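Let me begin by presenting the structure, written as structure tokens, before commenting on it.
The values are calculated or read from the model by the stated rules, or taken from the named source; none is laboratory data. In this text, all values refer to a predicted model and were calculated from it rather than measured experimentally. Glycine also receives a Cβ, built like all others from the backbone with ideal geometry; neighbour counts cover every protein chain displayed. Keep in mind that these areas ignore ligands, DNA and RNA; they rest on the heavy atoms of the full protein, side chains included. Shrake-Rupley method; radii C 1.70, N 1.55, O 1.52, S 1.80 Å.
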Amino acid sequence: MPLGALRPTPLVEQATERLREQIIQGEWSVGTKLPGENSLAQTLGVGRSTVREALRALAGAGLVQARQGAGVFVIATKPQEDWSTHLRRAAVTDVYEVRMLIEVEAAQMAAQRRTDDDLVALNEALAKRRDAAEAGDAEFVDADIALHAAVVAAAHNPVLTGLFAEFVPVLRQGLIDLVELLDLRSGDPNHGDDGHALLVAAIARSDAESAGHTLREELKQTLERLHAI
């Protein structure tokens with residue numbers, strides 16, 4: 001497929017997409033050096049700066065690599081999938097297993113690092129979770145996740161906090177589906193309250209071992225239910 005000149009609307013995006021198509025369709029195989037900026041700019045009907053930005057975008061997608069003094073080379077014909085997209089496509093059980101690893105460690109760290117403000121936030125989140133027992137399943141799950149987020153925040157590790165935030169969209173829908181499918185709240189609208197209260201209490205008394213154990217058991221039970229679906 002010939003490259004052809006581009007329309008005058010967002011040129012960088014168009015140039016990126018056109019070059020991406022050429023690479024994916026095999027016009028330039030892995031290891032091939034792309035034409036120079038001047039040549040690409042002339043073919044696409046854009047300026048060199050537009051081509052340069054498009055190549056940067058393709059490099060960010062893992063398709064090309066600039067080599068000092070040699071040019072730009074194709075290093076892959078399939079774009080790298082970003083982390084968020086990968087999580088959305090992953091099985092909820094796989095995501096949940098990784099969640100366990102992150103959150104159990106976070107709970108132990110929270111017990112060792114929590115501040116008085118963290119305890120206030122944890123108790124408020126626990127109270128809101130209890131209040132949500134009177135609400136629908138989605139609202140209850142949101143309140144549950146908010147409590148877990150407060151535990152992670154109390155670990156005072158921004159990387160852990162960021163990782164947990166990435167998991168939330170997949171976890172939220174998976175938990176809503178689980179609660180609805182198994183009708184977990186029909187006999188107990190505040191399902192899991194005892195375990196969450198024990199978790200907050202363990203963090204409050206700085207008992208890292210108990211905090212980790214309590215959360216591991218709670219998450220393990222949920223994971224077993226997910227595997228059984």
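Things to note:
- The single condition among (1) open to solvent by 20 Å² or more (accessible area, probe 1.4 Å); (2) part of a helix (DSSP H, G or I); (3) closer than 18 Å to Asp142 by Cβ that His213 does not meet is (3).
- Inter-residue pairs, beta-carbon under 7 Å, first within 24 Å of Val170 (Cβ to Cβ) and in the stretch 96-125, second in a helix (DSSP H, G or I) and open to solvent by 80 Å² or more (accessible area, probe 1.4 Å), 6+ apart: Met100/Arg216; Val104/Arg216
- Number of the condition not met by Leu219 [criteria: (1) buried (at least 20 other Cβ atoms within 10 Å of the Cβ); (2) at pLDDT below 95; (3) over 21 Å from Ala91 (Cα atoms)]: (3)
- The residues in the stretch 19-70 that are part of a helix (DSSP H, G or I) and hydrophobic (A, V, I, L, M, F, W, C) can be counted, and the count is 12.
- Filter pass, Arg205 being under 28 Å from Ala111 (Cα atoms), open to solvent by 50 Å² or more (accessible area, probe 1.4 Å) and under 25 Å from the mean Cα position of the chain (by Cα): no
- Any pair with Cβ under 8 angstrom, 6 or more apart, that starts in the stretch 182-208 at a residue that is hydroxyl-bearing (Ser, Thr, Tyr) and ends at one that is part of a loop (DSSP other than H, G, I, E, B) and open to solvent by less than 70 Å² (accessible area, probe 1.4 Å): Ser206/Arg114
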